[in-house]
Amino acid sequence: MHPDLSKLLDLQAKDSAIAEVDARIAGVDADVAELDQELARARGVRDVAQRAAEDGARRRDELETKIESYRQLQDRRRQRLEFVRNPKEASTLMAEMDLARSVLAKEESDWVRSADSVETLEAKVNEEQRKMEGLEQEQTPRRASLVEERAALVSEREALLRERESAANLLDRGLRIRYDRLRRARATPVVVALNGDSCGACFTTIPRNRRSQIRAGAIIEGCEACGVILYAADA
């Protein structure tokens, strides 16, 4: 076996371990994101209910302002009626007051319905707020567990990175650069065993002379087709 081959395989094993930890960290992050989305949905429902309640309250207040202005007009009409002496003018003013009473009665009826609606909408807001707060409390232990798990994984990854750097420093500089370049370009292993007479990655046939040298450990050779570094598993 070529003296640098075991170093390469050790380095690749450490990179694989780091990749596994990275995948586990990504899984934890995905779990946190799922919790965030669940909470965001609950918050969104609460916010929609809140906006509906605010819109309803605004309409109710507008009706109340309108009703108050109608009442003030009616009061002024009553005051005028006390001083009117002309029967025709008095009749006209009374007709206006009758019409205004019907309009005021309708507006007051609308206000009652609006106030009832606001009460219902505010109850909905309170309900959704309770649901959201309950969900937050429900998620708290899970979130704490995920934070703890992620911190442990990050610590594990840092230790693996230190070990990886130590292993990489044992390699010939040119070989390390070659390995790192391949590692960045491929998601699959870059140090691959021969598969019979072929490359174990792309299954391209390797010339006999090069196969013999690889099996003898005389050279660290790459596949001309896909570029992976080849070795003989039986060696």
### Message
I'm trying to understand the selection: among the residues of the stretch 131-166, which are farther than 27 Å from residue 10 by Cβ and either in contact with a Gly (Cβ under 9 Å, 6 or more places away or on another chain) or among the β-branched types (Val, Ile, Thr) (or both)?
### Response
140, 147
### Query
When the residues of the stretch 32-83 are filtered to those that are touching a residue at least 40 places away in the same chain (Cβ under 8 Å) and of a type in the set (D, E, K, R), which remaining residue is nearest to residue 116 (Cα to Cα)?
60
### Query
Which is modelled with pLDDT of 95 or more and in a helix (DSSP H, G or I), of 52, 90, 95?
52
### Residue check for residue 131: at pLDDT 95 or above, crowded, with 16+ Cβ neighbours inside 10 Å and either touching a Ser or Thr at 6+ places or on another chain (Cβ under 7 Å) or not aromatic (Phe, Trp, Tyr) (or both)
no
### Query
What are the residue pairs meeting all of these: first residue in the stretch 121-147, first residue farther than 30 Å from residue 28 by Cα, second residue surrounded by 14 or more Cβ atoms within 10 Å (Cβ to Cβ) and of a type in the set (A, V, I, L, M, F, W, C), Cβ atoms under 7 Å, and 6 or more apart or on different chains?
121/49; 121/52; 121/53; 122/53; 124/49; 125/49; 125/53
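The values are calculated or read from the model by the stated rules, or taken from the named source; none is laboratory data. Predicted model only: the values in this text are computed from it and were never measured. When we count neighbours, we look across all protein chains shown, and the Cβ atoms used for this are built from the backbone with ideal geometry, even at glycine.
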